[in-house]
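Peer 1: Dropping a structure here in structure tokens format, bear with me for questions.
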Amino acid sequence: MKLFPQLETERFILRKLTSEDAADLFKYFSTDEVTKYYDLERFVELRQAEELIQTWNSRYTERRGYRWAIIVKSKSSRVIGTCGFHNWSKTHQKAEVGYELDPAYWGQGVMSEVLQEVLRFGFEDRGLHRVEAFIDPDNIRSRYLLEKVGFYEEGYLKECFFEKNQFVDAVLFALLKKQYQDRLQR
């Protein structure tokens, strides 16, 4: 398999996650702010971050997705969040996008900058036709982010997922390649 693709934006480097990143992930995944709308409980042990990194990296090895560590170019190599694709379907040329960010970096345009590069990679380099995102209906920040980068709301799904010992609703957003291309031409 080819090397994991490294991406770059004006302010950030997107690289493969390594076991050395576990402490950074643990730092923000151990806060309720980050896990409130996430399908994981708040982390209480470093081992949980190590396992999550292994899961994300195995998706790449199995050709089911990509998950990039987000690093600020002008600072240390500390991971401030991740972004990437999962549930990749080569047959249907689609994938789901997921992301999270250390709350210290919220409201600074980090994820919109990163997500635009991740989408470029998916549509232009890997031939995706459709990218989906499922969010909690109350997650206003995610809704705003997805709309900002061009996603459209497609539906409200009642009790769609079983998370944290309960069924939860989700809102489905999607972006088609032609919509992505139309935005580039504006």
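The values are calculated or read from the model by the stated rules, or taken from the named source; none is laboratory data. Keep in mind the model is a prediction, meaning the values are calculated, not measured. All Cβ positions, even for glycine, are placed from backbone atoms using ideal geometry, and neighbour counts span all protein chains on display. Surface areas here come from the heavy atoms of the whole protein model, side chains and all, with no ligands, DNA or RNA. Shrake-Rupley method; radii C 1.70, N 1.55, O 1.52, S 1.80 Å.
Peer 1: Any residue in region 178-185 that is under 28 Å from F26 (Cα atoms) and either at pLDDT 95 or above or part of a loop (DSSP other than H, G, I, E, B) (or both)?
Peer 2: no
Peer 1: Next question, about the same structure. Look at K73 and say whether it is open to solvent by 40 Å² or more (accessible area, probe 1.4 Å) and more than 29 Å from G150 (Cβ to Cβ).
Peer 2: For K73, the condition - open to solvent by 40 Å² or more (accessible area, probe 1.4 Å) and more than 29 Å from G150 (Cβ to Cβ) - is not met.
Peer 1: Output the residue which, of all residues in region 71-86 that are free of Cβ contacts under 8 Å to residues at least 40 places away in the same chain and touching a strand residue (DSSP E or B) at 6+ places or on another chain (Cβ under 9 Å), is farthest from I13 (Cα to Cα).
Peer 2: Residue satisfying both the conditions and the ranking: H86.
Peer 1: Name the one entry in V114, V118, V97, V110 that is surrounded by 20 or more Cβ atoms within 10 Å (Cβ to Cβ) and within 15 Å of Y37 (Cβ to Cβ).
Peer 2: Sole residue among the options that is surrounded by 20 or more Cβ atoms within 10 Å (Cβ to Cβ) and within 15 Å of Y37 (Cβ to Cβ): V97.
Peer 1: Which ranges mark the helices (runs of 4 or more DSSP H) fully within region 1-116 that have 1 or more residues being under 22 Å from G127 (Cα atoms) and among the basic types (K, R)?
Peer 2: Answer list for region 1-116: 46-61.
Peer 1: Looking at this structure, is E147 assigned to a helix (DSSP H, G or I) and open to solvent by 40 Å² or more (accessible area, probe 1.4 Å)?
Peer 2: Here the answer is yes, as E147 does meet what is asked.
Peer 1: Another one. So which pairs qualify, if the first residue must be in region 115-134 and under 12 Å from F85 (Cα atoms) and touching a residue at least 40 places away in the same chain (Cβ under 8 Å), the second must be open to solvent by 40 Å² or more (accessible area, probe 1.4 Å) and among the basic types (K, R), the Cβ gap must be under 8 Å, and the two must be at least 6 apart or on different chains?
Peer 2: Final answer for the pair search is F123/K177; L128/K94; L128/K177; R130/K94; R130/K177; V131/K94; E132/K94.
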